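The structure under discussion appears below in the form of structure tokens.
The values are calculated or read from the model by the stated rules, or taken from the named source; none is laboratory data. As the structure is a computational prediction, the values presented were derived from the model and not from experiment. FYI the Cβ positions are ideal-geometry reconstructions off the backbone, even for glycines, and counts take in every protein chain you see. Protein only, heavy atoms only, side chains kept; ligands, DNA and RNA dropped before computing areas. Shrake-Rupley method; radii C 1.70, N 1.55, O 1.52, S 1.80 Å.
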Amino acid sequence: MKLQQLRYIWEVARHDLNVSVTAQSLYTSQPGISKQIRLLEDELGVEIFARSGKHLTRVTPAGEAILKIVGEILRKVESIKQVAQEFSDEHKGSLSIATTHTQARYALPRVIESFIDEYPEVALHMHQGTPIQISEMAADATVDFAIATEALELFGDLLMMPCYKWNRAVIVPENHPLCQVSSLTLEDIARYPIVTYVFGFTGRSKLDDAFIRQSLTPKVVFTAADADVIKTYVKLGLGVGIVAKMACDVDDTDLMVLDAAHLFEPSITKIGFRKGTFLRGYMYDFIHRFAPHLTKDVVDEALQRPTRSDLDELFAHIELPTY
């Protein structure tokens with residue numbers, strides 16, 4: 001059994017069983033990968049992939065169990081490389097982050113700018129996606145860090161630590177009737193068509209819960225994953241927008257921003273990584289820049305907490321900043 005063979009079956013599984021695409025991504029030959037997979041299966045005495053002629057059709061039950069262990073092995077190998085890199089050059093390497101558009105557009109720019117200034121030889125990669133995509137990218141080691149607010153139950157394999165609280169704002173065109181309301185209520189908002197996030201994005205569940213508790217059924221006429229897209233359609237008069245307050249900036253001169261923090265439960269954005277990940281010095285620093293209360297000592301303490309309840313206990317006394 002060779003490490004190269006394990007990497008081949010892992011990459012083939014990641015590329016939807018397409019050996020040709022896998023070969024291109026690994027800069028090797030398709031026959032070479034197929035041969036090594038066969039040799040590994042012969043050695044193990046089980047098929048990892050089912051076949052129809054020369055084509056791989058699915059991962060076998062044995063293959064699923066093997067691939068789970070292979071993923072752990074390859075992550076350990078990557079950790080070994082990172083340990084070596086940390087001791088050879090602690091300011092050189094790479095960092096990959098998966099997050100949503102709102103975090104990438106509004107919460108991260110200043111953090112990334114200062115990080116790049118401090119670590120110019122660290123290659124930084126940003127991936128945007130849904131909470132499901134973010135959790136999958138972090139779980140299979142496509143990225144180092146996941147930053148998310150919604151669907152945190154998907155992140156069971158990750159150590160997720162709270163960064164900050166945030167809430168929402170209502171955005172309307174100038175001279176909209178809601179601008180004349182002295183104390184905004186959910187009933188006021190529910191009278192108008194609503195433009196907001198796709199369910200599963202950027203605290204959308206808290207928004208829905210608030211209306212449900214008041215027995216209101218909002219008329220959501222348009223949804224998007226991108227706050228800038230939502231603002232565009234509010235300007236067109238499609239409806240009243242509800243977005244993260246952090247997404248309201250000084251450039252929105254033709255929109256009125258109405259605070260709605262009193263109407264919704266605050267959401268908490270978290271940052272996380274796979275349990276067992278070796279964190280290089282600049283990784284600790286990135287976490288600290290994004291969430292100043294997450295010092296190296298606090299992160300190391302979190303690594304010693306095996307369950308989510310243990311983590312909740314660790315962070316219970318920390319007053320999170322509000323974005």
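Which residue, GLY281, GLY272, GLY241, tops the fluctuation ranking in a GNM of the chain built on C-alpha contacts under 10 Å?
Of GLY281, GLY272, GLY241, the Gaussian network model singles out GLY281 as fluctuating most.
Provide, for q = 0.17, 0.26, 0.29 Å⁻¹, the log10 of I(q)/I(0) from a solvent-free Debye sum over equal Cα point scatterers in the stretch 116-171.
The Debye formula, applied to the Cα set alone, gives -0.68, -1.07, -1.18.
In the Gaussian network model of the chain, springs joining C-alpha atoms below 10 Å, which of ILE287, ILE147, ILE80 carries the largest mean-square fluctuation?
Largest GNM mean-square fluctuation: ILE80.
Multiply the residue separation of GLU265 and LYS165 by 0.36 nm, subtract the distance between their alpha-carbon atoms, and state the gained length in nm to one decimal.
In short, 35.0 nm is gained.
How far apart, in nanometres, would the label points at GLN133 and GLU118 be if each is projected 7 angstrom from Cα along the Cα-to-Cβ direction?
The modelled label-to-label distance comes out at 2.9 nm.
With the contact rule set at Cα under 8 Å and sequence spacing of 6 or more, what percent relative contact order holds for the stretch 126-274?
RCO, the stretch 126-274: 41 percent.
In nm, to one decimal, how far is the modelled label at GLU187 from the one at ASP140, with both set 7 Å along Cα→Cβ?
With each label placed 7 Å out from Cα toward Cβ, I get 5.0 nm.
Hey, rough spin-label estimate for HIS91 and ILE69, points 7 angstrom out along Cα→Cβ, what's it come to in nanometres?
4.3 nm
Quick one: of the DSSP bridges fully inside the chain, what percent are antiparallel, nearest 5?
60 percent
Carbon and sulfur together cover what percent of the accessible area of the chain at a 1.4 Å probe radius?
Numbers: 8540 of 16340 Å².
Of all accessible area on the chain, carbon and sulfur atoms account for 52 percent.
So what is the accessible area of the chain per residue, in Å², with the probe set to 1.4 Å?
51 Å²
Calculated FRET efficiency, CYS179 and LYS35, Cβ-Cβ r, R0 51 Å, to nearest 0.05?
For R0 = 51 Å, the calculated efficiency reads 0.15.
Pick out, from ALA107, ALA169, LEU154, the residue whose Cα sits farthest towards the positive end of the charge dipole of the stretch 79-177, with +1 on the Cβ of Lys and Arg and -1 on the Cβ of Asp and Glu.
Value: ALA169.
Please work out the FRET efficiency for the pair VAL221 and HIS125, using the Cβ-Cβ distance as r and a Förster radius of 51 Å; give the result to the nearest 0.05.
Efficiency for this residue pair is about 0.90.
Need the full-extension length gain, LEU314 to GLN214, defined as separation in residues times 0.36 nm minus the C-alpha distance. One decimal, nm.
Gain in length upon complete extension: 32.6 nm.
Quick one: among ALA141, ALA107, ALA84, which has the greatest mean-square fluctuation in a GNM of the chain with alpha-carbon springs under 10 angstrom?
Highest fluctuation of the listed residues: ALA84.
In terms of the Cα gyration tensor, with a ≥ b ≥ c the square roots of its eigenvalues, is the stretch 86-129 rounded because a/c is under 1.5, prolate because a/b exceeds b/c, or oblate?
The shape class here is oblate.
Between LEU26 and THR253, what is the FRET efficiency for a Förster distance of 45 Å, r being their Cβ-Cβ separation, to the nearest 0.05?
According to the calculation, E is roughly 0.35.
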